[in-house]
Amino acid sequence: MTNLTTDLPNRGPAEHAVRDQIIAAAHECFARYGYAKTTVSDLAKEIGFSKAYIYRFFESKQAIGEEICGSRLEQIVTETRAAIEEGDSATDRLRRMFRSLTVRSVDLFFHDRKIYDITAHSAAEQWGSSQAYKQTLQGMLAEIIKSGRENGEFERKTPLDETCRAILYAMMPFIDPLHLERNLDLLPDAPNEVTSLILRSLAP
């Protein structure tokens, strides 16, 4: 599985406990004040470190944001994989995939809004964590489409990569943090109807 947290170089000793402490403090500050309003100076004051010491472990505020964003997106992927595995057919697994992604994204929006804002910022700025998330989703989708083609559920004429891209384009308004906020009033009917349309297009 693609690692959604970026492999950022440490500028000091590889002291994982200190990195974890910085990330925990950043998570608290971002959740309280928002990513945009939090500075590295704020984090330094929160922990009792100097800015220079923080920069030994993270090259920028974005690098810290990447760690938090990537961790949360990995959680969504893990929960979605678990939902997919419960499916008894490719059609069922596809429905479960998008249902889980939508539910988890909406849950993040309503219950951890400031962290949701980081994921939306990540998508808008095309951070590595956001790009890795999309690549992971495309890989998960490809596995489902392949299995559906092998057992005769789905058509085989359209190139696999084209099929996966088109399906993700259709579902992005409901699973991408950057777009979801504008489409909340369409839930849950719209993603269900789009999924049904996708499945009809996949019929052999």
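The values are calculated or read from the model by the stated rules, or taken from the named source; none is laboratory data. In this text the structure is predicted, and so the values were computed from the model without any measurement. Counting neighbours? That spans all protein chains shown, and the Cβs are built from the backbone with ideal geometry, glycine included. With ligands, DNA and RNA removed, areas are computed over all heavy atoms of the protein, side chains included. Shrake-Rupley method; radii C 1.70, N 1.55, O 1.52, S 1.80 Å.
Pairs of Cα atoms under 8 Å, at least six residues apart: use those to get the relative contact order of the range 56-204, whole percent.
On the way: 126 pairs, mean separation 40.0, N = 149.
Relative contact order comes out at 27 percent.
Roughly how far apart, in whole Å, are the Cα centres of the range 157-204 and the range 67-117?
The two parts, judged by their Cα centres, are 14 Å apart.
Can you give the helix-only mean residue ellipticity at 222 nm for the chain, where every DSSP H stretch with n ≥ 4 adds -39500 (n - 2.57) and the sum goes over all residues, rounded to the nearest 500 deg cm²/dmol?
On the way: 10 runs with 148 residues, N = 204.
Result for the chain, helices only: -23500 deg cm²/dmol.
Note the direction-averaged projected area, equal to a quarter of the hull surface, for the Cα convex hull of the range 37-103, in nm².
Values: hull surface 24.2 nm².
Mean projected area for the range 37-103: 6.1 nm², to one decimal.
State the percentage of accessible surface on the range 62-202 attributable to carbon and sulfur atoms; use a 1.4 Å probe and exclude ligands, DNA and RNA.
47
Among rounded, prolate and oblate, which fits the chain when a ≥ b ≥ c are the square roots of the eigenvalues of its C-alpha gyration tensor, a/c under 1.5 means rounded, and a/b larger than b/c means prolate? Kindly include the intermediate steps, with their values, before the conclusion.
Working: a/c = 2.94, a/b = 2.11, b/c = 1.39.
Note, shape of the chain comes out prolate.
How long, wide and thick is the range 41-151, going by the Cα atoms along their three principal axes, in whole angstroms, largest first?
The Cα atoms of the range 41-151 stretch 59, 25, 22 Å along their principal axes.
Can you send over the solvent-accessible area of L73, 1.4 Å probe, protein chains only, in Å² to the nearest 10?
Rounded to the nearest 10, that gives 10 Å².
Can you tell me which lysines have their Cα less than 23 Å from the Cα of K134? Leave out same-chain residues fewer than eight positions away.
Leaving aside lysines fewer than 8 places away in the same chain, those within reach of K134 are K61, K114, K146.
Rank these by accessible area, largest first, 1.4 Å probe: F110, F58.
Details: F110 130, F58 0 Å².
Accessible-area ranking of F110, F58, largest first: F110, F58.
If you count only protein heavy atoms with a 1.4 Å probe, what accessible area per residue comes out for the chain, rounded to a whole Å²?
Working: 10280 Å² over 204 residues.
The answer is 50 Å² per residue.
Tell me, what is the 1.4 Å probe accessible area of R32, in Å² to the nearest 10?
100
Using the charge dipole of the chain (Lys, Arg: +1 at Cβ; Asp, Glu: -1 at Cβ; taken about the Cα centre), state which of A166, A90, I22 has its Cα farthest towards the positive end.
I22
Sum up the charges of everything whose Cβ sits under 14 Å from the Cβ of D161, counting Lys and Arg as +1 and Asp and Glu as -1, but leave D161 out.
Working: positive: K134, K146, R149, R156, K157, R165; negative: E143, E162.
With Lys, Arg at +1 and Asp, Glu at -1, the net is +4.
Please give the length that would be gained between R113 and E59 if that part of the chain were fully extended, namely 0.36 nm times their separation in residues minus their C-alpha to C-alpha distance (nm, one decimal). Write down the numbers at each step before the final one.
Details: separation 54, 0.36 × 54 = 19.44 nm, distance 2.53 nm.
Value of the extension gain: 16.9 nm.
Which whole-number percent gives the relative contact order of the range 13-58, counting Cα pairs below 8 Å spaced six or more residues apart? If you can, show how the numbers build up before the last one.
On the way: 22 pairs, mean separation 17.3, N = 46.
Value for the range 13-58: 38 percent.
Helix by helix, which DSSP H runs in the chain go 30 Å or more along their axis at the Cα atoms and have an average Kyte-Doolittle hydropathy of -0.5 or more? Kindly include the intermediate steps, with their values, before the conclusion.
Working: long enough: 61-85 (36 Å, -0.26); 90-111 (31 Å, -0.17); 128-150 (33 Å, -0.58).
Within the chain the helices that satisfy the rule are 61-85, 90-111.
Which of rounded, prolate, oblate describes the range 152-197, given a ≥ b ≥ c as roots of the alpha-carbon gyration tensor eigenvalues and a/c under 1.5 marking rounded, otherwise prolate only if a/b is larger than b/c? Can you show the working numbers first?
Details: a/c = 4.62, a/b = 1.88, b/c = 2.46.
It is oblate, given that a/c is not under 1.5 and a/b is not larger than b/c.
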